[in-house]
1. Kindly provide the set of residues from the range 129-157 that are farther than 28 Å from VAL47 by Cβ and over 21 Å from the mean Cα position of the chain (by Cα), ordered by number.
2. Mind counting the residues in the range 158-185 that are over 24 Å from the mean Cα position of the chain (by Cα) and among the polar types (S, T, N, Q)?
3. So in the range 118-157, with the set limited to residues that are basic (Lys, Arg) and assigned to a helix (DSSP H, G or I), which one is farthest from the ligand (Cβ to nearest atom)?
4. Do we have any residue at all in the range 121-132 that's surrounded by 14 or more Cβ atoms within 10 Å (Cβ to Cβ) and of a type in the set (Lys, Arg)?
5. Restricted to the range 162-189, and to residues that are within 14 Å of the ligand (Cβ to nearest atom) and of a type in the set (Gly, Ala, Ser), which residue is least open to solvent (accessible area, probe 1.4 Å)?
Amino acid sequence: MNDWVYTEKVKDHFTNPRNVLSQDDTAVYDGKGKVGNIKCGDEMIMVIKVDKAKGTIADCKWKTYGCASAIASTSVLSEMVKGMPLEQAYKITPKDVTRELGSLPEHKIHCSVLGDKALRAAINDYYEKNGMSEKIEIEEARIICQCMNVTDHEIEAAVLEGARTYLELQEHTKLGTVCGQCKDQAITLLNAYIKKHF
Ligand code: FES
């Protein structure tokens, strides 16, 4: 199989991205999120307008320096969330976005995680500015391998970059290469993240 083949919907959203934030956008937004993926060297900015009476997203715009997959998936995400309750939008995963797009080459899934991360950051920003900080869920990393200082977030990132076995996870993170005590927990997480994203 040639996994460079993109679906028509991906191509459409890449060549004609929706809801792109323009330089001279003077509108006032209620929440702004900015995230980056150091590995890819890309960045994503997302802004939302909130219908405060209904607690839904009234508008969503974004800008990225990411690749085709990041552009297409964020374009589709920005359409999905319009009119959606904030709580529901907060729970959108890259898998939901990929499903909406049709499909994405497996090795490009990690490019699509920026959009939903930026969206959660924008919603958190809105919560913070409007006295609702109790709704903010902090995505704190947990150290799984004490010896090599590897967190659950790094395990998830390795899965998104293609690690499918314990050995591949070790190649990506160096986890488990000293005392080996973290192995069982790491394998459980590895399988959980594969299930979550693929
Ligand atoms: S805790 Fe992972 S190698 Fe020791």
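1. Scanning the range 129-157 gives ILE144, CYS145, GLN146, CYS147, MET148, ASN149.
2. Summing the residues that are over 24 Å from the mean Cα position of the chain (by Cα) and among the polar types (S, T, N, Q) in the range 158-185 gives 2.
3. Going through the qualifying residues, I end up with LYS129.
4. No, the range 121-132 has no match at all.
5. Per the stated criteria, the residue is ALA186.
To keep it simple, each residue is scored yes or no on (1) touching a residue at least 12 places away in the same chain (Cβ under 8 Å); (2) exposed (fewer than 15 other Cβ atoms within 10 Å of the Cβ); (3) under 25 Å from GLU139 (Cβ atoms).
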site: HIS13; (1), (2), (3): yes, no, no
site: TYR29; (1), (2), (3): yes, no, yes
site: VAL35; (1), (2), (3): yes, no, yes
site: VAL47; (1), (2), (3): yes, no, yes
site: GLY55; (1), (2), (3): yes, yes, yes
site: SER69; (1), (2), (3): yes, no, yes
site: ALA72; (1), (2), (3): yes, no, yes
site: MET80; (1), (2), (3): yes, no, yes
site: LYS91; (1), (2), (3): no, yes, yes
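The values are calculated or read from the model by the stated rules, or taken from the named source; none is laboratory data. Since we're looking at a predicted model, the values are computed, not measured. Please note: Cβ atoms are built from the backbone with ideal geometry, for glycine as well, and neighbour counts cover all protein chains shown. What goes into the accessible areas is simple: the full protein's heavy atoms, side chains included, and nothing from ligands, DNA or RNA. Shrake-Rupley method; radii C 1.70, N 1.55, O 1.52, S 1.80 Å.
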